[in-house]
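Here, each number is a calculation from the coordinates, and none is a lab measurement. Note that the structure is a prediction, hence the values are computed from the model and not measured. As a convention, Cβ positions derive from the backbone with ideal geometry for all residues, glycine included, and neighbour counts pool all protein chains shown.
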Amino acid sequence: SSNKIINLKFIDRNGEELKAKAKVGTSLLDVAIDNNIDLEGFGACEGTLSCSTCHLILKKENYDQLKPPSDEENDMLDLAYGLEPTSRLGCQIIVEEKMDGWVFVVPNEVADARS
Ligand code: FES
């Protein structure tokens with residue numbers, strides 16, 4: 001059901017592993033906020049697809065299990081620093097049950113496309 005909770009992790013800019021409880025159906029940006037994960041500048045546009053500060057790097061095997069990003073997400077990703085082939089925007093990834101145990105790396109540098 002949509003109330004299901006799974007466990008996932010963020011790796012922050014210091015390489016620290018941050019465990020998070022993630023509600024299925026919410027975005028990874030919501031998860032970071034709900035878990036009080038303190039990532040400076042993360043999610044600056046509050047999920048309106050206009051900043052790229054919610055940039056996350058996925059493991060290849062996980063990336064491949066997600067639907068490809070929309071054109072709008074790709075356009076915004078182009079503005080992110082440290083882009084990787086498996087980069088996504090956290091506000092555009094909706095938690096699914098299969099993500100239990102997944103790890104999301106927060107890149108070192110942030111670019112706020114609005115500035
Ligand atoms: Fe701004 Fe995701 S929070 S693009």
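List of remarks:
- Once the Cα-Cα distance is subtracted from the 0.36 nm per residue extended length, the GLU17 to ASN36 segment shows a gain of 5.5 nm.
- According to the Kirkwood relation over distinct C-alpha pairs, the hydrodynamic radius of segment 1-47 is 11.2 Å.
- Here the peptides 46-53, 27-34, 86-93 are ranked by packing, the mean other Cβ count within 10 Å, and the order with the highest first is 86-93, 27-34, 46-53.
- FRET efficiency for the ASP100 to ASP75 pair, using the beta carbon distance and R₀ = 22 Å, is estimated at 0.15.
- Across the chain, C-alpha contacts under 8 Å between residues 6 or more apart give a mean separation that, scaled by the residue count, equals a relative contact order of 37 percent.
- Listed by chain and number, the aspartates and glutamates whose C-alpha is less than 13 Å from the C-alpha of LYS19, apart from same-chain residues fewer than 8 away, are ASP34, ASP38, ASP100.
- Per-residue Karplus couplings for segment 93-106, computed as 6.51 cos²θ - 1.76 cosθ + 1.60 with θ equal to phi - 60°, are listed in order as 9, 9, 5, 10, 4, 5, 7, 4, x, 5, 10, 10, 9, 8 Hz, Gly and Pro entered as x.
- Here the Karplus relation 6.51 cos²θ - 1.76 cosθ + 1.60, evaluated at θ = phi - 60°, turns the backbone of segment 14-23 into coupling constants of 9, x, 6, 8, 10, 7, 9, 8, 10, 7 Hz, with x for every Gly and Pro.
- Taken one residue at a time, the phi angles of segment 61-73 give Karplus couplings (6.51, -1.76, 1.60, θ = phi - 60°) of 5, 7, 3, 5, 8, 9, 4, x, x, 6, 4, 5, 5 Hz. Gly and Pro are set to x.
- LEU83/ASN3 FRET efficiency (R0 30 Å; Cβ-Cβ; nearest 0.05): 0.30
- Percentage of interatomic Cα-Cα distances in the chain larger than 16 Å: 54 percent
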